Amino acid sequence: MIGRKKAIVYILTSTFILGLLWWVVRVVPLENKHRYLPEVLLGERVDFNHDIRPIINNKCIACHGGVKRSGGFSLLFEEEALEANESGKRAIVPGNVNKSELMQRISHKNPEYRMPLESTPLSDEEIALFSRWINQGAQWDDHWAYKAPEKQIVPETDNEWIRNDIDRFVQAKLEEKQLSPNPTSDKQSLLRRLSLDITGLPPTITAMQEFINDGSDNAYEKVVDSLLSSPAYGERWAAMWMDLARYADSKGYEADRAREIWKYRDWLINAFNENLPYDQFVITQLAGDLMPSATDQDFIATAFHRNTMNNDEGGTDNEEFRVAAVLDRVNTTWTVLQGTTMECVQCHSHPYDPIRHEDFFRSLAFFNQTADADVPSEAPVLISYKEDEDLEKLELIKNWANDHGTDARNGHYYDRLLRLGVPKLYAHYFYQMDKGLPIKGTATFKVDQEVYSFTKNLPFEGEDRLVFKARTNGNEGKITFHLDSINGQQIAEWKVKARFKIEYDEEDKKDVTYYLNEVITLPIKAVTGVHDLYMVWEGKEGIEQTSTFDWLMLHHGLPGERDEKYSEVEEAMYALFNSENEMEATPVMVDLPENQHRVSRVFEKGSWMVPGEEVEVGVPDIWNSFNDYSKDRMGLAKWLFDEENPLTSRVMVNRIWEQFFGRGIVSSMEDFGSQGFAPTHPELLDWLAIKFKDDFKWDIKKLMKEIVMSATYRQSSHFTKEGTEKDALNEWLARGPRIRLNAEQVRDQSLAVSGLLSGKMLGKSVMPEQPDGIWQVVYSGTKWETSKGSEKYRRALYTFWRRTSPYPSIISFDAPSREFCLPKRIATNTPLQALVTLNDPVYLDAAIALGREVLLSSDIDEEERLSLLYSKAMIKGISEEKLEDLQNIYQQTITYFENSPEEICKLTGEEDKALAVYTVMANVIMNLDEFLMKS
């Protein structure tokens with residue numbers, strides 16, 4: 001009886017287990033099987049991102065990814081990996097190892113069949129991981145950076161060291177790594193670090209004394225708030241952003257002529273000082289021109305993407321270099337704001353991340369409608385009139401239009417017409433019929449007896465004025481403007497008159513006539529629709545006449561034509577077009593009118609000369625949806641700050657963190673993708689990203705304050721044996737940052753402690769002293785003209801930046817040429833750097849000034865004077881050991897000048913032995929490791 005019961009129980013149990021297994025296998029979704037089947041059957045859960053993706057990226061994706069799809073098989077996208085390949089078989093069949101061809105190929109014994117071909121086979125452990133992963137359902141997962149940050153629970157760890165929640169995350173990681181944090185830094189070192197980090201300048205002696213003497217609990221916080229409100233704060237952080245914006249005062253390429261774009265740098269400084277929220281800061285730079293009632297400052301902000309290079313070399317194709325600028329804007333946008341290597345996708349799908357080839361050109365479509373076209377004038381530019389005469393004329397025209405015009409043709413319309421001049425048609429829009437052949441224009445196009453010019457598909461919307469800029473050879477004649485053919489409807493004519501000036505040539509001893517460009521305004525018959533526009537010369541036979549055009553534009557004339565003062569106002573408008581008074585012209589972004597929009601296409605293999613299928617604006621599917629946003633740059637800018645965007649807040653938080661600690665939480669600043677470095681503190685990164693976005697409302701100063709108020713930031717930077725052995729790179733933050741100052745800070749600090757640093761802010765770039773001969777560039781007569789007086793001692797970010805030959809002492813300290821965006825400067829240590837700080841004129845001037853200042857203290861002995869010299873440079877007292885070393889160098893220097901008195905004047909320009917000695921001493925101190933380092 002007992003045996004029978006056991007048999008029944010056994011049968012029922014077996015039936016239940018078999019039924020459960022059948023239900024799990026046939027009914028339960030693959031991703032849930034692990035809940036029901038024991039690990040002995042499925043194995044320990046395999047994590048795709050941690051276990052499988054690294055194998056795929058390192059050993060498979062070169063042949064089966066975005067660049068190549070050998071055998072028709074790709075592992076870049078889940079849907080591609082699961083579909084049948086060229087053999088008709090499926091490489092991966094979730095839940096079934098035996099039917100998955102991938103398993104057969106990676107475990108095959110024959111090297112001609114085994115994958116990866118002609119390479120080291122996968123290890124047994126890697127094969128086992130693939131096997132378990134497929135058995136468990138082959139579940140894919142998005143890379144961590146492509147999933148929106150999630151709210152994090154702050155670790156409960158607590159001790160006296162912790163000052164805010166940042167420290168709790170760091171402390172938890174230190175405990176995991178069996179490390180202990182350093183104690184708080186001494187007050188002098190801490191304030192110097194803080195001041196250099198926030199303002200880029202060392203603290204003053206007065207500020208240091210006040211901080212040391214302040215024993216209140218919030219003494220440190222008061223200093224933080226004071227530094228964040230300092231005007232120098234904006235200069236320091238603008239300098240950081242200028243690398244990202246590839247800011248330069250020149251156009252780049254061969255001639256590398258000067259560019260007037262310093263107003264964008266000033267906009268950056270003001271934006272940081274005004275604490276413009278990060279979302280507004282970015283949106284204005286990407287699409288300020290598209291804002292309703294955009295201001296001048298909104299337009300100037302868009303110079304962020306006019307910092308692209310412009311090729312003035314004769315014979316180049318304007319469209320080629322326009323496209324090159326647009327490509328750069330795509331790459332810069334994704335690198336700076338999303339930490340994504342989108343440049344990898346120009347020629348093919350991304351090798352490692354799920355971004356398709358066409359996604360690059362969907363991004364390009366956002367920037368493809370701007371009016372700039374690689375022309376020498378760099379139009380569109382925002383003109384700022386400087387002379388009262390011009391300002392009065394502009395105000396007259398605007399007031400007139402407001403009084404006589406409509407909402408569509410008001411003062412704002414004519415302000416933008418005169419100061420932006422869009423939409424202009426440049427030479428590359430025109431064909432020249434020369435000897436029966438249509439030749440596309442380049443820098444200019446011409447019309448004469450043998451050549452007529454035309455442009456196709458020009459939209460007319462009832463404009464009644466034609467404006468163009470041209471010069472002639474002075475002979476009489478006229479040019480007529482026709483629709484659709486040279487004999488079509490005539491809408492305007494220009495009776496050619498030359499504008500010229502006569503100058504006396506000293507060498508040839510005679511007057512020389514120079515024909516000048518002139519802006520001409522003609523009334524035209526108002527027409528609508530799309531027409532070709534032809535320009536034809538008419539005149540007496542035998543009289544040679546040539547007119548060379550820079551650009552042409554249609555617009556609506558001033559309203560109020562019946563008013564008796566109309567001709568006076570119209571004359572003022574014409575005079576403004578031709579004004580030769582001083583004015584400032586900043587390249588800005590402006591979109592073409594909708595009826596002139598370009599078609600955006602995929603470039604086959606990345607070549608602009610091989611356009612493929614048409615594409616609309618869009619973003620990669622891996623990220624948040626773009627459906628709710630306008631299909632323009634404004635839509636893209638707002639999409640970046642969508643609640644579901646996974647990268648914007650993370651990338652900026654990481655950038656700010658790197659500026660303070662010398663290393664980001666994600667150390668690959670430019671690459672948050674699967675081939676970038678994983679975050680050292682992922683929970684902290686997401687916590688900060690959410691706090692920055694939701695709690696701080698994109699307030700950059702609040703984010704910075706949160707970081708610098710932490711005990712993590714305030715730690716001493718002293719190395720410990722334990723820290724050096726376990727964490728040489730300080731990834732786990734067991735000590736404070738110890739890194740070399742950047743190029744601008746090295747220079748600015750020397751000028752600041754010597755008293756030479758100019759406090760002047762904003763304005764045109766300056767030219768401090770640099771060696772002769774550096775600017776020997778072909779096709780450009782631009783010269784380096786050293787600034788006078790205190791102008792040459794302004795902060796480094798105001799130094800004129802020429803791409804082909806950046807300021808030598810700055811580039812020696814790892815500053816970029818700024819031809820392209822640089823997400824992070826890599827610190828190096830080369831002999832050139834020491835040669836700069838020992839010999840460059842600005843450092844010598846700083847040493848002379850500091851030595852002279854110390855010598856003014858005549859009531860102290862030499863030991864006290866050397867101590868004072870060190871204190872002024874380092875903003876702290878000197879140790880006995882260092883003082884003894886300085887005294888030895890001091891005695892050696894005196895001996896040197898006694899034996900070589902002729903060197904005194906060579907060094908300082910004065911016959912003053914004491915000044916020469918203290919110049920050397922100051923130079924020595926300003927070359928100390930501790931002076932050049934933030935520690």
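Overview of results
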| read-out | value |
| --- | --- |
| For Asn730: the one exception among (1) at pLDDT 95 or above; (2) on the phi > 0 side of the Ramachandran plot | (1) |
| Strands (runs of 3 or more DSSP E) enclosed by the range 581-658 - at least 1 residues per element that are in contact with a helix residue (DSSP H, G or I) (Cβ under 7 Å, 6 or more places away or on another chain), in contact (Cβ under 8 Å) with a residue 40 or more places away in the chain and under 22 Å from Thr370 (Cα atoms) | 583-587, 601-603 |
| Number of the exception - Thr308 against (1) assigned to a helix (DSSP H, G or I); (2) surrounded by 22 or more Cβ atoms within 10 Å (Cβ to Cβ) | (1) |
| Any hit, the range 74-84, residues being more than 29 Å from Asn645 (Cα to Cα), surrounded by 14 or more Cβ atoms within 10 Å (Cβ to Cβ) and either touching a Phe, Trp or Tyr at 6+ places or on another chain (Cβ under 8 Å) or hydrophobic (A, V, I, L, M, F, W, C) (or both) | no |
| Any hit, the range 555-570, residues being over 33 Å from the mean Cα position of the chain (by Cα), buried (at least 18 other Cβ atoms within 10 Å of the Cβ) and part of a helix (DSSP H, G or I) | yes |
| Residues of the range 328-343 satisfying the condition of being of a type in the set (A, V, I, L, M, F, W, C) and in contact (Cβ under 8 Å) with a residue 40 or more places away in the chain | Val336, Leu337 |
| Elements of type helices (runs of 4 or more DSSP H) in the range 343-446, at least 1 residues being more than 17 Å from Ala572 (Cα to Cα) and outside the structural domain of Trp551 (by TED's automatic domain parsing) | 357-367 |
| Every residue from the range 358-412 that is free of Cβ contacts under 8 Å to residues at least 24 places away in the same chain and farther than 30 Å from Arg257 by Cβ | Glu392, Glu395, Lys398, Asn399, Asn402, Asp407, Ala408, Asn410, Gly411 |
| Selected residue (criterion: farthest from Phe677 (Cα to Cα)) from residues of the range 717-738 that are touching a strand residue (DSSP E or B) at 6+ places or on another chain (Cβ under 7 Å) and not charged (D, E, K, R) | Gly736 |
| Pairs, first under 26 Å from Ile198 (Cα atoms) in the range 661-678, second surrounded by fewer than 22 Cβ atoms within 10 Å (Cβ to Cβ) and among the aliphatic types (A, V, I, L, M), C-beta under 6 Å, six or more apart | Gly662/Ile739 |
| Lone qualifier among Arg168, Arg105 - being at pLDDT 90 or above, out of contact with any helix residue (DSSP H, G or I) (no Cβ under 8 Å at 6 or more places or on another chain) and not in a loop (DSSP other than H, G, I, E, B) | Arg168 |
| Some residue of the range 747-761 being over 21 Å from Asp197 (Cβ atoms) and free of Cβ contacts under 8 Å to residues at least 60 places away in the same chain | yes |
| Segments classed as helices (runs of 4 or more DSSP H), wholly inside the range 207-279, with at least 3 members that are at pLDDT 95 or above, surrounded by fewer than 20 Cβ atoms within 10 Å (Cβ to Cβ) and among the charged types (D, E, K, R) | 219-228 |
| The range 328-348: number of residues that are buried (at least 21 other Cβ atoms within 10 Å of the Cβ) and not polar (S, T, N, Q) | 9 |
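The values are calculated or read from the model by the stated rules, or taken from the named source; none is laboratory data. Keep in mind that this is a model prediction, so the values were computed, not measured. Positions of Cβ are backbone-derived with ideal geometry, glycine not excepted, and every protein chain shown enters the neighbour counts.
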